1. So which pairs qualify, if the first residue must be in the stretch 209-221 and farther than 16 Å from residue 179 by Cα and at pLDDT 95 or above, the second must be assigned to a helix (DSSP H, G or I) and among the hydrophobic types (A, V, I, L, M, F, W, C), the Cβ gap must be under 8 Å, and the two must be at least 6 apart or on different chains?
2. Considering only residues that are of a type in the set (S, T, N, Q) and either touching a strand residue (DSSP E or B) at 6+ places or on another chain (Cβ under 6 Å) or part of a helix (DSSP H, G or I) (or both), which ones fall in the stretch 75-98?
3. Going by the structure shown, is residue 193 more than 25 Å from residue 16 (Cβ to Cβ), free of Cβ contacts under 8 Å to residues at least 40 places away in the same chain and among the acidic types (Asp, Glu)?
4. Name, by its number, the condition in (1) surrounded by fewer than 20 Cβ atoms within 10 Å (Cβ to Cβ); (2) in a helix (DSSP H, G or I) that does not hold for residue 122.
5. Would you point out the residue of the stretch 18-44, among those that are surrounded by fewer than 19 Cβ atoms within 10 Å (Cβ to Cβ), touching a helix residue (DSSP H, G or I) at 6+ places or on another chain (Cβ under 8 Å) and within 24 Å of residue 203 (Cβ to Cβ), that is modelled with the lowest pLDDT?
6. Take the residues of the stretch 49-94 that are under 21 Å from residue 150 (Cβ atoms) and charged (D, E, K, R): which is surrounded by the fewest Cβ atoms within 10 Å (Cβ to Cβ)?
7. Out of 152, 174, 165, I need the residue that is at pLDDT below 95 and either under 20 Å from residue 215 (Cβ atoms) or in contact with a helix residue (DSSP H, G or I) (Cβ under 7 Å, 6 or more places away or on another chain) (or both). Which one?
8. Give the residue, chosen from 148, 216, 163, that is among the aromatic types (Phe, Trp, Tyr) and more than 17 Å from the chain's Cα centre (by Cα).
Amino acid sequence: MTDKKQDQLIIATLVLGLAHTNAYLVGDPSSREAAVIDPAWDGEVIVREAERRGLLITAIWLTHAHFDHFGGAAGVADASKSQIPVALHYDDLPLWRAHGGAELFGFGNFDPGPEPTIALEHGMQLRLGSHSFEVRCTPGHTPGHVMFLERGAGLAFCGDLIFQGGVGRTDLPGGDWATLLCSIQQQVLTLPDETQLLTGHGSSTTVGRERRTNPFLVANV
């Protein structure tokens, strides 16, 4: 687990599940409210970390509906013992209802957790204490993929859109290479170079670094 503070946001990164997915516990230090972005697996671990920090999880935000990004949602809901709303883009709801492809990877008893009740849209603002996160639609990896941008803190939770030195795969159902590159061009490369990209797998990076060195972007953008 890694931990950082960025402009007074509490951000804990927990690497969970067989796919080593980054689950982010994001908290506001004043209100003590927290959101879980992509509760990958082992939801009870995420809840224990929130309790250790004195944070109350009030929402789950999903960048997309592949099973390795919400496999811990049921555990978060169960361990929290309270109703926690789940946010997902409508275009990924069919994928969520298909358990994010879990059965294809051998997870026959997959529990998806609470059904999403917040329909994410491009430009929507999600509040967490005094912080506001802008929803940006970034299809390509999945039809309803989004990222969450906190402009004041200069960071973006970008799921599987882009990685340090890589981009999201498009060979799974609903993926499209040209759409993915367009999303990166329009929604990532238009941000300031110093913007931190908190990715769905691997280490965080910056817009400037990926603009200069990402082989997929240097060749195609």
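The values are calculated or read from the model by the stated rules, or taken from the named source; none is laboratory data. None of these values were measured; they are calculated from a predicted model. No Cβ is skipped: glycine too gets one built from the backbone with ideal geometry, and neighbour counts run over all protein chains shown.
1. Filtered contacts from the stretch 209-221: 210/188; 210/217; 211/217; 212/218.
2. Let us first name the residues in the stretch 75-98 that are of a type in the set (S, T, N, Q), namely 80, 82-83.
Across the stretch 75-98, the qualifying residue is only 80.
3. Details: more than 25 Å from residue 16 (Cβ to Cβ): yes; free of Cβ contacts under 8 Å to residues at least 40 places away in the same chain: yes; among the acidic types (Asp, Glu): yes.
It is true that residue 193 is more than 25 Å from residue 16 (Cβ to Cβ), free of Cβ contacts under 8 Å to residues at least 40 places away in the same chain and among the acidic types (Asp, Glu).
4. So the condition that residue 122 fails would be (2).
5. Going through the stretch 18-44, the residues surrounded by fewer than 19 Cβ atoms within 10 Å (Cβ to Cβ) turn out to be 18-20, 29-32, 42, 44.
Still in the list and also touching a helix residue (DSSP H, G or I) at 6+ places or on another chain (Cβ under 8 Å): 18-19, 42, 44.
Keeping just the survivors that are within 24 Å of residue 203 (Cβ to Cβ) gives 18-19, 42.
Working: 18: 90, 19: 93, 42: 96.
The selected residue is 18.
6. Filtering the stretch 49-94 for residues that are under 21 Å from residue 150 (Cβ atoms) and charged (D, E, K, R), the one surrounded by the fewest Cβ atoms within 10 Å (Cβ to Cβ) comes out as 53.
7. Working: 152 fails: either under 20 Å from residue 215 (Cβ atoms) or in contact with a helix residue (DSSP H, G or I) (Cβ under 7 Å, 6 or more places away or on another chain) (or both); 165 fails: at pLDDT below 95.
Every option except 174 fails the conditions.
8. Working: 148 fails: more than 17 Å from the chain's Cα centre (by Cα); 163 fails: more than 17 Å from the chain's Cα centre (by Cα).
216 is the lone residue from the list that is among the aromatic types (Phe, Trp, Tyr) and more than 17 Å from the chain's Cα centre (by Cα).
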